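Structure first, then comments.
The values are calculated or read from the model by the stated rules, or taken from the named source; none is laboratory data. For clarity, every value in this text was computed on a predicted model and none was experimentally measured. As a convention, Cβ positions derive from the backbone with ideal geometry for all residues, glycine included, and neighbour counts pool all protein chains shown. The accessibility values were calculated without ligands, DNA or RNA, using every heavy atom of the protein model including side chains. Shrake-Rupley method; radii C 1.70, N 1.55, O 1.52, S 1.80 Å.
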Amino acid sequence: MSDFSIDKNPIVIGAGPAGLAIGACLKRAGIQSIILEQSDKVGSAWHRHYDRLHLHTDKKNSELPYAPFPREYPRYISRTQLIEYLETYARKLQLDIRFGQQIRSACYENDQWEIQTQDTLYHASNLVIAAGYAREPNIPTWPGQDSFKGAVIHSSQYKNGEPFKGQKVLVIGFGNSSGEIAIDLWAHGAQVSLAVRSAVNVIPRELFGIPILSIGIVQGKLPPKLADAINAPILRAVIGDLTKYGFRKLPYGPATQIQNDKHIPLIDIGTMKLIKQGHLTVYPGVTEFTETGVEFLDGKQAQFDSVILATGYRPRVNAFLQGASNTHDEAGTPASSGRETSMPGLYFCGYYVSPTGMLREIGIEAMQISAAIAKNKT
Ligand SMILES: Cc1cc2nc3c(=O)[nH]c(=O)nc-3n(C[C@H](O)[C@H](O)[C@H](O)COP(=O)(O)OP(=O)(O)OC[C@H]3O[C@@H](n4cnc5c(N)ncnc54)[C@H](O)[C@@H]3O)c2cc1C
């Protein structure tokens with residue numbers, strides 16, 4: 001076990017987009033940080049995501065500070081292109097990343113942060129937690145699940161639809177992962193259903209050829225209710241009446257949903273077309289599993305070979321952050337992101353569910369955090 005004192009240099013937890021952006025911004029400010037990453041690569045989450053994944057946000061609004069995406073990349077870049085970009089980013093900016101360093105605990109002792117990995121103790125005045133909003137899969141369970149004879153996996157384990165060819169598959173949840181996985185399963189010849197428990201909003205990826213994110217940015221200064229009122233008739237015309245297809249429509253619009261529920265509505269990349277064409281069946285929420293399938297909230301039962309839980313993720317920073325309970329809620333979701341917390345020298349980056357895309361927000365937060373750390377040092 002080694003003791004690694006780095007005096008006033010910041011420690012950054014995580015070498016995903018947020019950790020890399022922080023490292024880059026600090027470097028530009030003349031501050032060398034050390035990035036501690038549990039895996040053996042940068043952007044490790046993007047290595048694990050399903051094959052078909054493309055960014056739902058356009059490339060102009062998804063780039064990290066100081067590095068535009070290559071000109072030849074398409075408007076909505078693929079998972080592998082993002083990985084390539086992150087690897088180049090870390091290399092070009094010569095970031096100091098220590099791989100295979102899993103943070104087991106971080107606490108504030110004697111006016112500094114003590115960060116313990118499996119084999120090394122680090123000390124730092126500034127600690128930036130960029131360990132990802134999607135750090136842990138959220139895996140709910142249902143009565144009767146043990147008796148179900150089929151397979152149940154979380155979307156984080158889904159790679160592609162090949163193993164599900166010819167199967168009856170239920171995708172539980174209606175976020176951006178479930179929407180895209182449903183398309184992928186259908187394209188691989190599965191018979192696909194969606195279980196949607198909550199009321200929803202759906203927005204197109206583009207409106208009149210303009211990325212929805214750019215519209216969100218322009219409308220960002222408006223109160224969410226007003227933005228929703230302006231957009232409602234356009235969304236109704238483009239998306240149609242959701243209730244006709246088995247959904248319950250949220251009583252408020254997408255901007256209010258993001259602000260209040262911290263939940264991004266489905267950005268439609270073709271799921272709605274498949275539903276309208278009758279290729280995907282929409283059911284209400286699941287109440288229990290049977291041996292051969294599930295029962296839904298309306299009492300109907302259906303048989304399935306496999307179930308995919310597209311039930312999201314949790315940041316759970318409280319799995320390692322100790323003695324700073326005022327900086328996050330009981331579930332470990334940070335109370336703020338992009339600025340110094342109530343604990344001295346503690347920052348979170350990448351935890352604001354933004355109507356203008358998380359990657360764009362990460363870039364903005366990284367600049368704010370590095371400026372704050374640079375100011376505190378002078
Ligand atoms: C399926 C999916 C699609 C998405 N698509 C988009 C999109 O189109 N546009 C957009 O703007 N955003 C999107 N997001 C949201 C978000 O922008 C990305 O997830 C992005 O990767 C977040 O970057 P991050 O660095 O905050 O987190 P991550 O990419 O999750 O990186 C966190 C890093 O921290 C490391 N880490 C975690 N815990 C520890 C620990 N205890 N010790 C050491 N290291 C640790 C992890 O190994 C990981 O490498 C998507 C998210 C998901 C899940």
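Candidates are the residues of region 64-93 that are surrounded by fewer than 20 Cβ atoms within 10 Å (Cβ to Cβ) and in contact (Cβ under 8 Å) with a residue 60 or more places away in the chain; the one that is nearest to the chain's Cα centre (by Cα) is 76.
Of all the residues in region 288-322, those that are over 22 Å from residue 37 (Cα atoms) and open to solvent by 50 Å² or more (accessible area, probe 1.4 Å) number 9. Taking region 215-247 as the range and being polar (S, T, N, Q) and in contact with a strand residue (DSSP E or B) (Cβ under 9 Å, 6 or more places away or on another chain) as the test, the residues that pass are 231, 243.
Residue 12 falls short of the stated requirement of being farther than 24 Å from residue 210 by Cβ, free of Cβ contacts under 8 Å to residues at least 60 places away in the same chain and aliphatic (A, V, I, L, M). Under the condition of being buried (at least 19 other Cβ atoms within 10 Å of the Cβ) and closer than 13 Å to residue 366 by Cβ, the residues counted in region 16-48 number 13. Of the helices (runs of 4 or more DSSP H) lying entirely inside region 130-248, those containing at least 1 residues that are open to solvent by less than 20 Å² (accessible area, probe 1.4 Å) and within 13 Å of the ligand (Cβ to nearest atom) are 176-187, 212-218.
Among strands (runs of 3 or more DSSP E) entirely within region 1-112, having at least 1 residues that are within 13 Å of the ligand (Cβ to nearest atom) singles out 11-13, 34-36, 103-109. Residues in region 113-129 that are touching a residue at least 60 places away in the same chain (Cβ under 8 Å) and either of a type in the set (D, E, K, R) or open to solvent by 30 Å² or more (accessible area, probe 1.4 Å) (or both): 119, 121, 125.
Residue-by-condition table, conditions (1) at pLDDT 95 or above; (2) open to solvent by 60 Å² or more (accessible area, probe 1.4 Å); (3) outside any loop (DSSP other than H, G, I, E, B); (4) at positive phi:
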position	(1), (2), (3), (4)
337	yes, no, no, no
343	yes, no, no, no
373	yes, no, yes, no
376	no, yes, yes, no
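Among the residues of region 361-371, those that are open to solvent by 60 Å² or more (accessible area, probe 1.4 Å) and closer than 26 Å to residue 79 by Cα comprise 364, 367. Counting the residues of region 348-360 that are open to solvent by 20 Å² or more (accessible area, probe 1.4 Å) and within 11 Å of residue 217 (Cα to Cα) gives 2.
For region 272-289, the tally of residues that are of a type in the set (S, T, N, Q) and closer than 16 Å to residue 198 by Cβ stands at 1.
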